[in-house]
Amino acid sequence: MNILLLGPQGSGKGTQAKRIREEYGLAHVSTGDMFRAAIARRTPLGLEVEPILARGALVPDPLTIGLMRERLAEEDATAGFILDGFPRNAAQAEALDELLSELARPLDVVFEFQIADDVCIERMLKRARAEGRPDDTPEAIGTRLAIYHSETAPLVEHYRTTGKLVGVHADREIGAVWAEIQSALEQVHVA
Ligand code: AMP
């Protein structure tokens, strides 16, 4: 099963992706986690993207798309994957369509996490206090949400045309959101 999670920062995509991974044994592919790991290891990629992440901007498409291409070629992704944080703009969505058709691994379901900005902002500020993520500052949060609305949210219409889009009421506690996701996945699973 190949799953895409779309939704703003702080909507709970990462939390639900981990749950899907545990339950269905799929690879959790998060470009944000991959960039943070590269930064932590001080690799050339990490050093290049560190200031970009800190200000909440998008890493250039060629870098991000290249990373995704390599990641999906890894062994654990062949059994199925959960994309979390990619694609984030039209060029990435187009590259993903091409890549998945090359690999003959189409998406089975695209979840759209629906939630108001003020709830996301509150959650990110709380996460900043708990985890100290450098891009959970009020400035970077503002930039990230603005980019989400201008560049990423329009992708919802792209995926709606595929008939694979499922809306999720993400403004609820983790268990309730999970129940909604799981029931949609069970339908895909048995289909
Ligand atoms: P996330 O954890 O998904 O919110 O990602 C954290 C940061 O990593 C983003 O604010 C961007 O700077 C960078 N990033 C993650 N995914 C992408 C992507 N698909 N394209 C460009 N930049 C990305």
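The values are calculated or read from the model by the stated rules, or taken from the named source; none is laboratory data. These numbers come from a predicted model, not from an experiment. Surface accessibility is based on the protein's heavy atoms, side chains included, excluding ligands, DNA and RNA. Shrake-Rupley method; radii C 1.70, N 1.55, O 1.52, S 1.80 Å.
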With all protein chains present, region 67-191 has a carbon and sulfur share of its accessible area (1.4 Å probe) in percent of 54 percent
One computes Rg over Rh for the chain from alpha-carbon atoms, with the Kirkwood Rh, and obtains 0.94
Here the alpha-carbon Rg of region 116-191 over 2.2 N^0.38 Å rounds to 1.36
From most to least accessible, 1.4 Å probe, no ligand or DNA/RNA atoms counted, THR137, THR161, THR31 line up as THR161, THR137, THR31
Karplus ³J(HN,Hα) for region 105-121 (6.51 cos²θ - 1.76 cosθ + 1.60, θ = phi - 60°; Hz, whole; x = Gly/Pro) runs 10, x, 6, 8, 8, 10, 8, 9, 7, 9, 6, 7, 4, 5, 5, 4, 4
For region 1-133, dividing by residue count, accessible area per residue (probe 1.4 Å) in Å² works out to 47 Å²
For region 9-22, Karplus-derived ³J(HN,Hα) couplings (6.51, -1.76, 1.60; θ = phi - 60°; whole Hz; x for glycine and proline) come out as 4, x, 8, x, 4, x, 4, 6, 4, 5, 5, 4, 4, 5
